[in-house]
1. Step through the residues of region 108-121 one at a time and calculate ³J(HN,Hα) from phi using the Karplus curve (6.51 cos²θ - 1.76 cosθ + 1.60, θ = phi - 60°), rounding each to whole Hz and writing x for Gly and Pro.
2. If Trp75, Trp111 are ordered by their accessible area, calculated over protein heavy atoms with a 1.4 Å probe, which sequence runs from highest to lowest?
3. Under the rule a/c < 1.5 gives rounded, and otherwise a/b versus b/c splits prolate from oblate, where does region 22-70 land using the Cα gyration tensor?
4. For the chain, just run the numbers: alpha carbon Rg, then divide by 2.2 N^0.38 Å, N being how many residues it has.
5. Between His62 and Gln126, what is the FRET efficiency for a Förster distance of 25 Å, r being their Cβ-Cβ separation, to the nearest 0.05?
6. What is the set of long-range amide H partners of Cys66 at a cut-off below 5 Å, with H atoms built 1.01 Å from backbone N?
7. If you build the Cα gyration tensor of region 62-122 and take the root of 5 times each eigenvalue, what three semi-axes come out, in whole angstrom, biggest first?
8. Order the peptides 62-71, 89-98 from the highest to the lowest mean number of other Cβ atoms within 10 Å of their residues.
Amino acid sequence: MSKKAKSSKKMQEVDFRSIDEFLAFLPEEELVIVERLRNLVFYCLPDAREKLSFNVPYYYHHRNFCFIWPASVTWGKKKTYEGVRFGFAYGNQIADKTGYLEKGGRKQIYWKDFTSIKEIDVEILQAYIYEAIYIDEAHFRKKKKR
């Protein structure tokens, strides 16, 4: 992992060059959760593109539809939550009738935090991922020119 020179404007203290570097940085308790969530995304959309953004993995089809943000990759100087955050870029468009997702006063990005792998309800999370993929496909697919 490379660390860039600290500046007063820098919001993160890490700068990963690859997913492997990101994974090697994680503490074991976060790594097992991250790996489970990554596998779930690729199960739902095998051709999803995984790309680091803000030093965490974001997943793309036509646009970014979800991300995985472990608490150890901070935004700012200190940890603000525990575990691993699984977020949806367009969470506001997902039908969340049961209130499964946390909103935290955000208008668009919604998420669910996991502090152990046992908390991941695969069926529920798969349904949300599939809906996020559907939203991505319906709203962001480039129309072919005739």
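The values are calculated or read from the model by the stated rules, or taken from the named source; none is laboratory data. For clarity, every value in this text was computed on a predicted model and none was experimentally measured. Cβ placement follows ideal geometry from the backbone for every residue including glycine, while neighbour counts extend to all protein chains displayed. Ligands, DNA and RNA are stripped out before the accessible areas are found, and what is left, the full protein with its side chains, is counted by its heavy atoms. Shrake-Rupley method; radii C 1.70, N 1.55, O 1.52, S 1.80 Å.
1. 10, 8, 10, 7, 9, 9, 10, 9, 8, 5, 5, 6, 7, 8
2. If we order Trp75, Trp111 from most to least accessible, we get Trp75, Trp111.
3. Note, shape of region 22-70 comes out oblate.
4. Ratio of Rg to 2.2 N^0.38 Å for the chain: 1.07.
5. Step by step, r from the Cβ atoms, then E = 0.80.
6. Answer set, sorted by chain and number: Tyr59, Ala89.
7. 19, 15, 11
8. Ranked from most to least packed, the peptides come out as 62-71, 89-98.
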